[in-house]
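Engineer: Structure in structure tokens, see below.
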Amino acid sequence: MASQAGPSCRLVFCLLISAAALRPGLGWYTVNSAYGDTIIMPCRLDVPQNLMFGKWKYEKPDGSPVFIAFRSSTKKSVQYDDVPEYKDRLSLSENYTLSISNARINDEKRFVCMLVTEDNVFEAPTIVKVFKQPSKPEIVSKAPFLETEQLKKLGDCISKDSYPDGNITWYRNGNVLQPLEGVVVLIFKKQMDPVTQLYTMTSSLEYKATKADIQMPFTCSVTYYGPSGQKTVQSEQAIFDIYYPTEQVTIQVLPSKTAIKEGDNITLKCLGNGNPPPEEFLFYLPGQPEGIRSSNTYTLTDVRRNATGDYKCSLIDKKSMIASTAITVHYLDLSLNPSGEVTKQIGDALPVSCTISASRNATVVWMKDNIRLRSSPSFSSLQYQDAGNYVCETALQEVEGLKKRESLTLIVEGKPQIKMTKKTDPSGLSKTIICHVEGFPKPAIQWTITGSGSVINQTEESPYINGRYYSKIIISPEENVTLTCTAENQLERTVNSLNVSANENREKVNDQAKLIVGIVVGLLLAALVAGVVYWLYMKKSKTASKHVNKDLGNLEENKKLEENNHKTEA
């Protein structure tokens, strides 16, 4: 640089430092820049007319200058000094504004703009401040859980790469946590990277939790200074599991239904309201003073009525903390006497009883052949219609599925009984003979005819209902006959006969024929008399008509004679 400026310039350069010390410059000027941005420093001097050149320097901590850029006023050329930390980062404009790209922390210096004339040196200092926004704070090393009434490390809030260093604040549900002995303990530390000169801030929080901290969010923030002033960045929320001891024990019965019946399986479940909940309990069964150690459930299978009672559970290490519940095992017993298949004889008496024993009032329903009866059956004298399938059914309405039923199949047996009836056709030409039979098992009917005569529609039978049915035949006997009806079942063979007279039949037929002939003769005589009367009537009517006409003629003649007499008198 001296060879380019000439002898006069060498003298000026030699006097630069001493001239700056003798001549006061402008006041302090600060340029704030973000880390990595371009630092722009204007030269805050009016350019003199006799300007020879302009230069920029910075001052070391000991005050010694380091020249970094030169610009001639005549040749318009720019030269940059060989300063390694500013290689390829400097730019000096025509108005002597200096720009430094990719701002770094060590760019924080006092820079000076110098404008040199032949007889004077003008200086304008600039202070450069570089700011680096820290990373978003993060809560690390978080405790897996917090315990009530115990001071425990909650976690570390860390924020990296800050310049200058920042400050960390903790929050609980948005409220600032202040140090409080034995409750809130804050430990803050910062560390600078010797290479990047950036700071890492860490704040550790020790905290004594309460049940009020359940589901409460904890956050932290870092406050730092940037080019435009103070700023704050918040961390994400952290929610911690709060452990607290059990204060109450409860017991449940599963499945949770309203009523338990014999044969059910039930499970007792014991719960503590602590966090984490207790994993083991003592279960006390009715009549057993010693508890049974188990997990939080205890199962009873196929329970019986003697399982009714109070069931309890407690903590293993605190037996005074206990819970109980009452369990009623509902039962239903039914006894039908007699039951199954019972065979009795007609006319016998049969007492029937359906006895119920239950934990509650039970309903009883009687059915016969799937038809509901209005009352329980009672047999003082059995009849065939009493036979059938009887069912006694009982249930507890409040207990789902608790039903019992017993059945009685009643068979009423009887020897065959026969009753024969006779019915004569209105024409008198045939007779209907009916054999009424009752008995069980169903008797077989057989007809036997003694004598001559034609049989019409033999062995027409009715349905067998309630131990009764009939068989009938229609006959037209030519002589007196005897009809025999035989009924037979496994118990006995019964025979009955009926005599049918042929004369009775003929007499009735003759009487009917005579009656018909008499009726016909009578009708003919009546018709003959009516004809004679009609003829006489017609003959008399004609004679009377002639007399009337004659009388009418005489009346007209007399009327004319009277009229003539009146005219003569006049």
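Engineer: Between Ile327 and Ser357, what is the FRET efficiency for a Förster distance of 25 Å, r being their Cβ-Cβ separation, to the nearest 0.05?
Structural biologist: 0.80
Engineer: Then there is this: Give me the accessible area per residue for segment 87-239, probe 1.4 Å, as a whole number in Å².
Structural biologist: Accessible area per residue, segment 87-239: 51 Å².
Engineer: Label points 7 Å out from Cα along the Cβ direction at Tyr243 and Asn106: separation in nm?
Structural biologist: 5.1 nm
Engineer: In whole Å, what is the distance between the alpha-carbon centres of segment 262-303 and segment 376-423?
Structural biologist: 50 Å
Engineer: Now for a separate question. Using Cα-Cα distances under 8 Å and only pairs 6 or more residues apart, what relative contact order does segment 150-255 have, in percent?
Structural biologist: For segment 150-255, the relative contact order is 30 percent.
Engineer: When the Cα centres of segment 28-58 and segment 122-173 are compared, how far apart do they sit, in Å?
Structural biologist: Cα centres, segment 28-58 to segment 122-173: 35 Å.
Engineer: Based on the mean of other Cβ atoms within 10 Å per residue, sort peptides 417-429, 154-166 so the most packed one is first.
Structural biologist: Highest to lowest by the protection proxy: 154-166, 417-429.
Engineer: What is the extension gain from Gln49 to Gln191, computed as 0.36 nm multiplied by their sequence separation minus the C-alpha to C-alpha distance, in nm to one decimal? Working shown, then result.
Structural biologist: Numbers: separation 142, 0.36 × 142 = 51.12 nm, distance 5.16 nm.
Going from the current span to full extension adds 46.0 nm.
Engineer: Now for a separate question. What number comes out for the charge environment of Tyr470, summing +1 per Lys or Arg and -1 per Asp or Glu over other residues with Cβ under 11 Å away?
Structural biologist: 0
Engineer: Another question, if that's okay. Which value, in Å² rounded to 10, gives the accessible area of Val529 with a 1.4 Å probe and all protein chains present?
Structural biologist: Around 90 Å² of this residue is reachable by solvent.
Engineer: How much of the accessible area of segment 20-121, probe 1.4 Å, is carbon plus sulfur, in whole percent?
Structural biologist: Values: 2600 of 5550 Å².
Roughly 47 percent, rounded to a whole number.
Engineer: Here is a follow-up. When Rg is the radius of gyration of the Cα atoms in segment 97-163 and Rh is its Kirkwood radius, what does Rg/Rh come to?
Structural biologist: With Rh from the inverse mean 1/r over Cα pairs, Rg/Rh is 1.43.
Engineer: Could you pull the accessible area for Arg493 with a 1.4 Å probe, rounded to 10 Å²?
Structural biologist: Accessible surface of Arg493 is approximately 140 Å².
Engineer: Determine the distance separating the Cα centre of segment 186-226 from the Cα centre of segment 305-365; give it in Å without decimals.
Structural biologist: 69 Å
Engineer: How far apart, in nm, are the 7 Å Cα→Cβ label points at Thr301 and Ala527?
Structural biologist: Placing both labels 7 Å beyond Cα along the Cβ direction yields 10.5 nm.
Engineer: Using the basic label-point model (7 angstrom from Cα toward the beta carbon), what is the Ser256 to Ser91 distance in nanometres?
Structural biologist: The answer from the label model is 7.4 nm.
Engineer: Computed FRET efficiency, Cβ-Cβ of Arg405 and Asp310, R0 35 Å: what is it to the nearest 0.05?
Structural biologist: Efficiency for this residue pair is about 0.55.
Engineer: Using every alpha carbon pair in segment 262-336, what percent of pairs falls into each 10 Å bin from 0 up to the bin containing the largest distance?
Structural biologist: Pair shares across the bins are 18, 47, 23, 8, 3, 1.
Engineer: Ordering His330, His436 by accessible area with a probe of 1.4 Å, largest first, what comes out?
Structural biologist: His436, His330
Engineer: Additional query: I need two numbers for segment 127-203: Rg to one decimal and Dmax as a whole number, Cα atoms only, in Å.
Structural biologist: 15.0, 53
Engineer: Further question: Relative to the present Cα-Cα distance, how much length would full extension add between Leu491 and Ser135 at 0.36 nm per residue of separation?
Structural biologist: Answer, rounded to one decimal: 117.0 nm.
Engineer: Got a sec to turn the phi values of segment 358-368 into Karplus ³J(HN,Hα) couplings, 6.51 cos²θ - 1.76 cosθ + 1.60 with θ = phi - 60°, whole Hz, x for Gly and Pro?
Structural biologist: Listing the rounded values in order: 8, 6, 9, 4, 10, 8, 10, 10, 9, 10, 10 Hz.
Engineer: Also: Round to the nearest 10 and report in Å² the accessible area of Phe122, as given by a 1.4 Å probe over the protein chains' heavy atoms.
Structural biologist: 60 Å²
Engineer: If you don't mind, there's one more thing I want to ask. What length, rounded to one decimal in nm, is gained on full extension from Gln150 through to Lys442, with 0.36 nm per residue of separation minus their alpha-carbon distance?
Structural biologist: Working it through step by step, the gained length comes to 95.7 nm.
Engineer: Using all C-alpha to C-alpha distances in segment 271-381, build P(r) with 10 Å bins and read off the rounded percent in each one.
Structural biologist: 10, 28, 18, 13, 13, 12, 5, 1
Engineer: Scale the Cα Rg of segment 212-323 by the rule-of-thumb value 2.2 N^0.38 Å and send over the ratio, two decimals.
Structural biologist: Scaled against compact globular proteins, the figure is 1.82.
Engineer: Same structure again: Roll a 1.4 angstrom probe over the protein heavy atoms and tell me the percent of accessible area of segment 242-293 that is carbon or sulfur.
Structural biologist: Reported share for carbon and sulfur atoms: 47 percent.
Engineer: Going from the alpha-carbon gyration tensor of segment 369-481, what semi-axes, largest first and in whole Å, does one get by taking the root of 5 times each eigenvalue?
Structural biologist: Working: eigenvalues 449, 34, 23 Å².
Value: 47, 13, 11 Å, ordered largest first.
Engineer: Also, quick follow-up: With Rg and the Kirkwood Rh both taken from Cα atoms, where does Rg over Rh land for segment 40-120?
Structural biologist: Working: Rg = 12.6 Å, Rh = 13.2 Å.
Here the Rg-to-Rh quotient is 0.96.
Engineer: A further question follows. Could you tell me what fraction of 2.2 N^0.38 Å the Cα radius of gyration of segment 298-342 comes to, as a two-decimal ratio?
Structural biologist: 2.02
Engineer: Which value, in Å², gives the accessible area per residue of segment 249-386 when a 1.4 Å probe is used on the protein heavy atoms?
Structural biologist: Ligands and nucleic acids excluded, the result is 58 Å² per residue.
Engineer: Which FRET efficiency, nearest 0.05, do Ile519 and Lys423 yield, Cβ-Cβ r, R0 25 Å?
Structural biologist: 0.45
The values are calculated or read from the model by the stated rules, or taken from the named source; none is laboratory data. Being a predicted model, the structure only gives us computed values, none of them experimental. Every residue, glycine as well, gets a Cβ built from its backbone with ideal geometry; the counts of neighbours run over all protein chains shown. Quick note on the areas: whole protein, heavy atoms, side chains included, nothing else; ligands and nucleic acids left out. Shrake-Rupley method; radii C 1.70, N 1.55, O 1.52, S 1.80 Å.
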